[in-house]
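Contents: one structure, followed by commentary.
The values are calculated or read from the model by the stated rules, or taken from the named source; none is laboratory data. Everything numeric here is computed off the predicted structure, so don't read it as measured data. Cβ placement follows ideal geometry from the backbone for every residue including glycine, while neighbour counts extend to all protein chains displayed.
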């Protein structure tokens with residue numbers, strides 16, 4: 001079988017050809033090969049799970065755009081995004097209903113981006129873009145940091161009249177000195193006892209984290225009561241509504257499942273969208 005795989009043809013369609021690289025569409029991740037090494041944005045119409053990522057990774061293309069396969073159970077259709085991220089390769093997926101599986105040209109011409117890894121994001125790729133636009137960005141830009149390790153995302157999304165900000169960042173450990181007593185941090189770690197220790201170390205004006213799926217003995221939200229005793233207002237979103245580890249998902253998708261008394265004094269309640277809760281946390285406590 002291995003001899004057959006090595007001898008098979010690798011049909012590829014060059015969609016964009018420039019001196020510094022190309023955009024190449026193909027019907028299968030299996031057709032990525034050594035000719036794509038380092039310079040090509042490849043657009044294979046396979047789902048971008050771990051297996052296709054393993055097939056492509058040895059050839060080290062400049063970037064990859066695949067099909068999300070409907071994302072599917074356990075997110076299997078897009079797990080290769082993060083496999084490739086760990087190897088320093090920007091990657092994105094097109095929505096399953098926007099492009100045909102097994103048709104590279106259709107993926108390139110009709111696909112709409114649904115998911116990205118952090119390296120593709122740093123090149124300017126985001127959900128809702130056409131694959132044509134995303135491929136252009138990946139061809140013309142380099143990720144800010146492709147080395148293994150933690151990539152820090154941080155963005156101010158709202159500022160109150162009092163000068164307090166809502167800041168989204170993936171973990172409380174990425175808090176900065178200017179957050180102390182001033183900013184509301186929307187992060188994506190759990191709100192357990194260890195999370196509480198970090199929250200008390202940085203002491204933002206308020207926070208929203210994940211409930212970590214709840215956990216045994218509701219351990220994923222145990223930190224809410226701990227920090228409440230120290231006057232720190234906070235809430236947790238359900239991990240069923242927002243991706244743990246992704247603060248952007250926490251902010252834009254999350255639904256509050258638990259909050260402490262200081263957060264309630266600012267109007268936060270269970271069932272509220274995280275974005276609304278973050279705005280309320282900018283306020284002072286109402287007694």
> Just checking, which of 125, 157 is in contact (Cβ under 8 Å) with a residue 60 or more places away in the chain and either surrounded by 19 or more Cβ atoms within 10 Å (Cβ to Cβ) or not in a loop (DSSP other than H, G, I, E, B) (or both)?
Replying inline: 157
> Where residues in the stretch 50-70 are within 16 Å of residue 102 (Cα to Cα) and surrounded by fewer than 24 Cβ atoms within 10 Å (Cβ to Cβ), which of them is farthest from the chain's Cα centre (by Cα)?
Replying inline: 55
> When residue 186 is evaluated against the numbered criteria (1) crowded, with 18+ Cβ neighbours inside 10 Å; (2) touching a residue at least 24 places away in the same chain (Cβ under 8 Å); (3) assigned to a helix (DSSP H, G or I), which criterion, by number, is the only one it fails?
Replying inline: (3)
> For the stretch 243-278, what are the residues that are more than 17 Å from residue 188 (Cβ to Cβ) and surrounded by fewer than 18 Cβ atoms within 10 Å (Cβ to Cβ)?
Replying inline: 261, 264, 265, 267, 269, 270, 271, 276
>> Please list, ordered by residue number, the strands (runs of 3 or more DSSP E) wholly in the stretch 1-98 having 3 or more residues that are in the same structural domain as residue 115 (by TED's automatic domain parsing), within 30 Å of residue 152 (Cβ to Cβ) and modelled with pLDDT of 95 or more.
In response: 40-44, 63-67, 91-94
>> Looking only at the stretch 111-122, count every residue that is in contact with a strand residue (DSSP E or B) (Cβ under 8 Å, 6 or more places away or on another chain) and part of a helix (DSSP H, G or I) and tell me the total.
In response: 2
>> Given the condition free of Cβ contacts under 8 Å to residues at least 40 places away in the same chain, touching a strand residue (DSSP E or B) at 6+ places or on another chain (Cβ under 7 Å) and closer than 20 Å to residue 60 by Cα, answer yes or no: does some residue in the stretch 136-147 qualify?
In response: no
> How many residues are in contact with a strand residue (DSSP E or B) (Cβ under 9 Å, 6 or more places away or on another chain) and more than 25 Å from residue 181 (Cβ to Cβ) if we restrict to the stretch 212-251?
Replying inline: 17
> Is one or more of the residues making up the stretch 160-175 assigned by TED's automatic domain parsing to the domain that holds residue 252, assigned to a helix (DSSP H, G or I), in contact with a helix residue (DSSP H, G or I) (Cβ under 8 Å, 6 or more places away or on another chain) and touching a residue at least 12 places away in the same chain (Cβ under 8 Å)?
Replying inline: yes
>> Here's a check for you: in the stretch 203-255, which residue that is touching a residue at least 40 places away in the same chain (Cβ under 8 Å) and in a loop (DSSP other than H, G, I, E, B) is farthest from residue 126 (Cα to Cα)?
In response: 205
> Looking at (1) without any contact (Cβ under 8 Å) to a residue 40 or more places away in the chain; (2) surrounded by fewer than 16 Cβ atoms within 10 Å (Cβ to Cβ); (3) farther than 30 Å from residue 245 by Cα, which is the one condition that is false for residue 13?
Replying inline: (1)
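What number of residues within the stretch 257-271 are touching a residue at least 24 places away in the same chain (Cβ under 8 Å), in contact with a helix residue (DSSP H, G or I) (Cβ under 9 Å, 6 or more places away or on another chain) and either within 21 Å of residue 154 (Cα to Cα) or part of a loop (DSSP other than H, G, I, E, B) (or both)?
Here is the first cut: in the stretch 257-271, the residues touching a residue at least 24 places away in the same chain (Cβ under 8 Å) are 257-263, 265-266, 268.
Checking which are in contact with a helix residue (DSSP H, G or I) (Cβ under 9 Å, 6 or more places away or on another chain) leaves us with 257-263, 266, 268.
Subset that is either within 21 Å of residue 154 (Cα to Cα) or part of a loop (DSSP other than H, G, I, E, B) (or both): 260, 266, 268.
Adding up the residues that qualify gives 3.
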